[in-house]
1. So, of the residues in segment A:48-74 that are away from DNA strand C (no atom under 12 Å from the Cβ) and crowded, with 17+ Cβ neighbours inside 10 Å, which turns out to be farthest from A:N124 (Cα to Cα)?
2. Among B:I91, B:I74, B:I125, B:I108, which is in a loop (DSSP other than H, G, I, E, B), of a type in the set (V, I, T) and not assigned by TED's automatic domain parsing to the domain that holds B:Y10?
3. Buried (at least 17 other Cβ atoms within 10 Å of the Cβ), touching a strand residue (DSSP E or B) at 6+ places or on another chain (Cβ under 9 Å), at the interface with another protein chain (Cβ under 9 Å from one of its Cβ atoms) and of a type in the set (D, E, K, R): which single residue out of B:E114, B:E103 fits that description?
4. Quick check on my filter: what residues within segment B:34-47 are open to solvent by less than 70 Å² (accessible area, probe 1.4 Å), without any contact (Cβ under 8 Å) to a residue 40 or more places away in the chain and more than 13 Å from DNA strand D (Cβ to nearest atom)?
5. Considering every residue within segment B:82-94, establish whether at least one is within 14 Å of DNA strand D (Cβ to nearest atom), among the hydrophobic types (A, V, I, L, M, F, W, C) and in contact with a Lys or Arg (Cβ under 8 Å, 6 or more places away or on another chain).
6. Can you give me the number of residues within segment A:5-33 that are under 16 Å from the mean Cα position of the chain (by Cα) and open to solvent by 30 Å² or more (accessible area, probe 1.4 Å)?
2 protein chains.
Amino acid sequence: MNTTEKFQKYRQLGLKLTPQRLAILEFLEGNTSHPSADEIYQHVAQQFPSMSFATVYNTLDALRRKGQILELCIDPNKKRFDPNPIPHHHIFCTKCHKIVDVEHDYQIELSSEESKGFKVMGCNIVFWGLCPECQKEELNKENLNN
Amino acid sequence: MNTTEKFQKYRQLGLKLTPQRLAILEFLEGNTSHPSADEIYQHVAQQFPSMSFATVYNTLDALRRKGQILELCIDPNKKRFDPNPIPHHHIFCTKCHKIVDVEHDYQIELSSEESKGFKVMGCNIVFWGLCPECQKEELNKENLNN
DNA sequence: CTGGCTGCAAATCTTTTGCATCCTG
DNA sequence: CAGGATGCAAAAGATTTGCAGCCAG
């Protein structure tokens, strides 16, 4: 999507596309690292040294309300953001806090008794464990102890 | 479990059972509201006006490390605690932030390609939607608008 | 031109930490 | 009586807010 198309798209969504927002969008586009607000801030602040956290949070919240991004509650320390709003799942490394996408479409249903009267709108699965890098570190530790 | 049995149990786990900890444990026991640290603090502070947050967090962390409770990452605003450490799932009300248990044992597996090299240790499913009370409120709103 | 956006700073909220003192085992 | 636990207060982090000015549409 080129810049003109982006302007059209976000204008249709009722969002003004400022240079700061464009920079945030371009950082997020295709980004699969599930960055935190701070990581997004650190990156765009390189181009806009006057960038403030208020703008980052404001933009992320506007994008979330328009269904363009997901706010993830997976990392216990901070919110992480996912530029892919299509429902999908995640694997979380409990050691380094890496988050990786899982595209598998599980057909998970709650029976009416199980849903306890809730109107269920969706579900998210978080697999957790150790990423390849952290597994290696664990092995190194063990070897040092022997 | 009576108090004597609790002392034995926690002593075996390597935890000193102080009156403050006992009060926290008794508040958590059978509690399915998934309270936050602040809610736990507010409750036990009634019996122990000198109670500090440090003690609440310290106790919760000790219990978590011994596998006695779960720290839930479901409510984006704060950690919530679950006295039931047996793996299970949850439904989350996005409006009032109520969390309800789901005991259904889904057999969810990740293929080796899907797990991207992670050593997967477990998974948690969060269903989200509106609880019965918040559905009613939504209906009332609609009626007011008509 | 006007309503939404930005930047700044202060405030808020949750959680953590250092440390002196206390008390369980 | 030793090591872990408590209480207090301050600090640390993440996120939100108020507000004056700015600028995209």
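The values are calculated or read from the model by the stated rules, or taken from the named source; none is laboratory data. For clarity, every value in this text was computed on a predicted model and none was experimentally measured. Here the Cβ positions follow ideal geometry from the backbone for every residue, glycine too, while neighbour counts run over all protein chains shown. For accessibility, only protein heavy atoms count, side chains too; no ligands or nucleic acids. Shrake-Rupley method; radii C 1.70, N 1.55, O 1.52, S 1.80 Å.
1. Taking segment A:48-74 as the starting set, the residues that turn out to be away from DNA strand C (no atom under 12 Å from the Cβ) are A:64, A:67-72, A:74.
Going one step further and asking which of them are crowded, with 17+ Cβ neighbours inside 10 Å, we end up with A:68-70, A:72, A:74.
Working: A:Q68: 17, A:I69: 15, A:L70: 12, A:L72: 10, A:I74: 10 Å.
Only one residue fits best here, namely A:Q68.
2. On the way: B:I91 fails: in a loop (DSSP other than H, G, I, E, B); B:I74 fails: not assigned by TED's automatic domain parsing to the domain that holds B:Y10; B:I125 fails: in a loop (DSSP other than H, G, I, E, B).
The unique qualifying residue is B:I108.
3. Numbers: B:E103 fails: buried (at least 17 other Cβ atoms within 10 Å of the Cβ).
Unique residue meeting the criteria: B:E114.
4. First, pick out the residues of segment B:34-47 that are open to solvent by less than 70 Å² (accessible area, probe 1.4 Å): B:34-38, B:40-41, B:43-45.
Remaining after also requiring without any contact (Cβ under 8 Å) to a residue 40 or more places away in the chain: B:41, B:43-45.
The one that is open to solvent by less than 70 Å² (accessible area, probe 1.4 Å), without any contact (Cβ under 8 Å) to a residue 40 or more places away in the chain and more than 13 Å from DNA strand D (Cβ to nearest atom): B:H43.
5. no
6. Of the residues in segment A:5-33, the ones under 16 Å from the mean Cα position of the chain (by Cα) are A:24-33.
Adding the requirement that they be open to solvent by 30 Å² or more (accessible area, probe 1.4 Å) leaves A:26-27, A:29-30, A:32-33.
Total satisfying the criteria: 6.
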